[in-house]
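First the structure, in the form of structure tokens, and then the observations on it.
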């Protein structure tokens, strides 16, 4: 996302002056776009697993996955709206998400235990993506983005912990 793209989209509107430079806003929006792509990938994976889980832990996992995908769905809107508040378009296509995401799609229907492992990995990947954006946010004194990142990391670390606990003997 380049500054020129922003200028074309805001033609006729007063220039944005929130105390964060356009260059910093662009870099933060790029990082948040990667976070959005990772979140969307884990959302799809979690919803897929909710639909397709089988086995002795069916009820537990079916309900847990539903809780998690509903939370992820709401998070997508928060992240996209923060990108928009910074003055940039939010990515919103599979093509864009596949280029930006650090998480691979899961093909087929894995066994329940593998689903859990994949979601642990996905949640931890989201945390790593959020952490990589933090230095940009801190440098720009972008407290709203810092708050969003902190909340997302807290939720995904908790989800990873809860999922991982199901794998313990």
Of the conditions (1) over 26 Å from residue 115 (Cβ atoms); (2) over 13 Å from the mean Cα position of the chain (by Cα); (3) without any contact (Cβ under 8 Å) to a residue 12 or more places away in the chain, residue 85 fails just one. Which one is it? (3)
Does residue 76 count as surrounded by 14 or more Cβ atoms within 10 Å (Cβ to Cβ), part of a helix (DSSP H, G or I) and over 12 Å from the mean Cα position of the chain (by Cα)? no
Can you tell me which residue is nearest to residue 50 (Cα to Cα) among those in the range 100-119 that are assigned to a helix (DSSP H, G or I) and within 14 Å of the chain's Cα centre (by Cα)? 119
Hey, any hits in the range 21-34 for a residue that's over 13 Å from the mean Cα position of the chain (by Cα) and without any contact (Cβ under 8 Å) to a residue 12 or more places away in the chain? no
Output the number of residues of the range 134-169 satisfying the condition of being over 18 Å from residue 37 (Cα atoms), outside any loop (DSSP other than H, G, I, E, B), in contact (Cβ under 8 Å) with a residue 60 or more places away in the chain and out of contact with any helix residue (DSSP H, G or I) (no Cβ under 6 Å at 6 or more places or on another chain). 3
May I ask you to verify whether residue 54 is closer than 22 Å to residue 161 by Cα and loosely packed, with under 13 Cβ neighbours inside 10 Å? yes
Selection from the range 52-70 of residues that are touching a helix residue (DSSP H, G or I) at 6+ places or on another chain (Cβ under 7 Å) and assigned to a helix (DSSP H, G or I): 61, 62, 65, 66, 68, 69
Are any of the residues in the range 6-28 under 13 Å from residue 84 (Cα atoms), at pLDDT below 95 and assigned to a helix (DSSP H, G or I)? yes
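The values are calculated or read from the model by the stated rules, or taken from the named source; none is laboratory data. All values derive from a computational prediction rather than experimental measurement. A quick note on method: Cβ atoms are made from the backbone with ideal geometry, for glycine too, and the neighbour counts reach across all protein chains shown.
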